[in-house]
Amino acid sequence: MNCIQHKTKLAVAMALSLAVFSAQAAEVEVLHWWTSGGEAKSVGELKKLMQAKGDSWKDFAVSGGGGENAMTVLKARVVAGDAPTAAQIKGPSIQEWANEGVLANLSAVAKAGHWDAQLPPVVSSAMKYQGNYVAVPVNVHRVNWMWVNPAVFKKAGATVPKTWAEFPAAADKLQKAGFIPVAHGGQPWQDFTIFESVVLGVGGADFYKKSMVQLDQGALQSATMLKAFNTFRMVRKYVDKDFSGRDWNLATQMVIQGKAGMQFMGDWAKGEFAAAGKKPGADYLCVDAPGTKGDFTYNIDSFVMFKQKSAEATKGQDDLASAIMSPEFQEIFNLNKGSIPARLDVKMDKFDDCAKKSHTDFIASSKAGTLVPSIAHQMAVPAATTGAIQDVVTQFFNSEMTSAQAVVKLAAAARTK
Ligand code: GAL
């Protein structure tokens, strides 16, 4: 072969391999709301995995904890006929979006990856619409945690409260010693996050299910719910004056820096402690929210894919779905995020004691019937009902509304469809 022939052959080979490469490479645009330190680190792992598959990642991050802003932006994009490739959507909203006919069916990828065998039923059932997978789970978060700075408690001579009845004595001691007892961000979803832990701690798992999941009118207006609102009001006394509008991760920083004693937040807060190099059991404690030992409010993050026209885009979605479900991703993502893997077969060896406790409690509560969906994190009831109930909870927290008025409003809000 002469030199020209050789060069031509090389050029053809290169062109061919480029063609193959570009047929494989797909751009995936992914909407999510993971913008805090720990969250961004976690989602960065997914980006890396996709890039390793030759796909290009277009980040569509909409800041705002809890995802309310992200959902507003998403709706506008879909209405404009410009849906992203994938979006972080969870709970009953998955069904609502699927019902609109805009979601891609992931059953082929799910079948090839044996998702049914790998996921606990509480997870897999939430991912399906009419028997087909339309969403892929990244994790299981536990919401009913209390994050504690033990040094602050020690300085104040306070004991970590195990029940809501014990709570005021501990909080008073923290306050007297010059600390902010409860680090809180006054945003509706954060108020709601405390409220659901109060309802669970005051009423127990059966009462939580009856009131927050089945929306039983009697339970919503019961003496137990009155007590829950009274307790919620009591907690309100222990937040600082600047709480309004504060982001949840800034509240976590207050605990990390020893300005505040505790925070009620799901275990994405652990992602912030981890990103700050803090060690559980030493620098901070993860304890059950008062009165909720053995109970587990779950919050499962997941992604849906919007139907695509081109084969290339569909390939990008399949890559994303299988990357998310891979054991490697489930491990590295959840090590950073604070949650536990959604897959049952991922070993917990590399995880810290908080995650191990979460894992044990998840399995035990599932057997005991005390595994309940988080209403504040959109796992329990349709989005419109969640929003109406959240409004009442926030209004109560930020006004002089009485508990008796609140239960009536709560029962009315629960009828919102
Ligand atoms: C939740 C979400 C978590 C966490 C949190 C704060 O709704 O499930 O993954 O990111 O919001 O942004």
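The values are calculated or read from the model by the stated rules, or taken from the named source; none is laboratory data. Keep in mind that what you see is a predicted model, and the values were worked out from it rather than measured. As a convention, Cβ positions derive from the backbone with ideal geometry for all residues, glycine included, and neighbour counts pool all protein chains shown. Protein only, heavy atoms only, side chains kept; ligands, DNA and RNA dropped before computing areas. Shrake-Rupley method; radii C 1.70, N 1.55, O 1.52, S 1.80 Å.
Round to a whole angstrom and tell me the spacing of the C-alpha centers of the stretch 170-240 and the stretch 63-120.
30 Å
Out of all Cα-Cα pairs in the stretch 71-163, roughly what percent, to the nearest whole number, are more than 24 Å apart?
The calculated P(r) of the stretch 71-163 puts 43 percent of pairs beyond 24 Å.
Quickly work out the K176-to-E328 label distance, labels modelled 7 Å from Cα along the C-beta direction, and quote it in nm with one decimal.
For E328 paired with K176, the spin-label model returns 5.6 nm.
Just the number, please: Stokes-Einstein D of the stretch 217-268 in µm²/s, Kirkwood Rh from C-alpha pairs, 4 °C, 1.567 mPa s.
Stokes-Einstein gives a translational diffusion coefficient of 99 µm²/s.
Report, in degrees rounded to the nearest 10, the 0 to 90 angle that the Cα long axis of helix 37-52 makes with the longest principal axis of the chain.
20 degrees
If you bin every alpha carbon distance in the stretch 108-214 into 10 Å steps from zero, what whole percent lands in each bin?
11, 28, 26, 19, 11, 4, 0
Skip the ligands, DNA and RNA, and give the accessible area per residue of the chain with a 1.4 Å probe, whole Å².
42 Å²
Would you mind computing, in nm to one decimal, how far apart the modelled labels at A80 and D349 are, each placed 7 Å from Cα along Cα→Cβ?
4.9 nm
Run the numbers for H114 and N132: contour at 0.36 nm per residue of separation, minus the present Cα-Cα distance, in nm.
Gain on extension, H114 to N132, equals 5.2 nm.
Compare the Cα positions of Q51, N105, V79 along the charge dipole of the stretch 18-150 (+1 at Cβ of Lys, Arg; -1 at Cβ of Asp, Glu; about the Cα centre) and return the one farthest towards the positive end.
Q51
Distance check, please: which entries in K173/K237; K293/K356; K279/K337; K75/K111; K75/K307; K47/K128 exceed 20 angstrom between their Cα atoms?
Distance filter (> 20 Å) returns K75/K111; K47/K128.
Placing unit charges on C-beta atoms (Lys and Arg positive, Asp and Glu negative, everything else neutral), compute the dipole magnitude of the stretch 57-140 about its Cα centre in debye, rounded to 20.
Dipole magnitude for the stretch 57-140 comes out near 100 debye.
Say the dipole of the chain comes from +1 at the beta carbon of Lys and Arg and -1 at that of Asp and Glu; which of A26, V160, F333 then lies farthest toward its positive end?
Looking along the dipole axis, the top candidate is V160.
Using only the alpha-carbon atoms, how far is helix 188-208 inclined from the longest principal axis of the chain? Give it as 0 to 90 degrees, nearest 10.
Result, in degrees: 70.
Rounded if a/c is under 1.5, else prolate if a/b is larger than b/c, else oblate: which is the stretch 297-417, with a ≥ b ≥ c the root eigenvalues of its Cα gyration tensor?
It is oblate, given that a/c is not under 1.5 and a/b is not larger than b/c.
What figure, in Å² to the nearest 10, do you get for the accessible area of D216 with a 1.4 Å probe and non-protein molecules left out?
Accessible area, nearest 10 Å²: 60 Å².
Using alpha carbon coordinates only, what is the Rg to Rh ratio of the stretch 246-329, with Rh defined as the Kirkwood radius?
Checking Rg against Rh, the ratio lands at 1.14.
Just read off the accessible area of S36 with the full protein assembly in place, 1.4 Å probe, to the nearest 10 Å².
Only protein atoms counted, so the area is about 10 Å².
How large a share of the accessible area of the stretch 161-292, in percent, is made up of carbon and sulfur atoms when the probe is 1.4 Å and the other protein chains stay in place?
Carbon with sulfur: 52 percent of the solvent-accessible area.
Tally Lys and Arg at +1 and Asp and Glu at -1 over the other residues with C-beta under 14 Å from the C-beta of F273: what net charge comes out?
Here the charged neighbours net out to -1.
I'd like the FRET efficiency for A25 and K48, computed as 1/(1 + (r/R0)^6) with the beta carbon distance as r and R0 of 22 Å, rounded to 0.05.
E between A25 and K48, to the nearest 0.05, is 0.90.
Please get the size of the charge dipole for the chain, origin at its Cα centre, with Cβ charges of +1 on Lys and Arg and -1 on Asp and Glu, quoted in debye to the nearest 20.
400 debye
State the extension gain, in nm to one decimal, for the chain segment bounded by Q405 and N99, taking 0.36 nm per residue of separation less the distance between their alpha-carbons.
My answer for the length gained is 106.6 nm.
Extending each Cα 7 Å along its Cβ direction at I363 and K259, get the distance between those two points in nm, one decimal.
4.0 nm
Considering only protein heavy atoms, what is the solvent-accessible area of K409 at a probe of 1.4 Å, reported in Å² to the nearest 10?
100 Å²
Starting from the residue with the highest accessible area, list R236, R343 in decreasing order, probe 1.4 Å.
The residues order as R236, R343, largest area first.
Sort W147, W57 by heavy-atom solvent-accessible area, probe 1.4 angstrom, most to least.
W57, W147
From the protein chains alone at 1.4 Å, what is the descending order of accessible area for F333, F60, largest first?
F60, F333
Would you kindly give the portion of the calculated P(r) for the stretch 176-265 that falls above 23 Å, as a percent of all Cα pairs?
Above the 23 Å cut-off, the stretch 176-265 has 30 percent of its Cα pairs.
Hey, any idea what the orientation-averaged projected area of the convex hull of the chain's Cα atoms comes to, in nm²?
For the Cα atoms of the chain, the hull's average projected area reads 23.2 nm².
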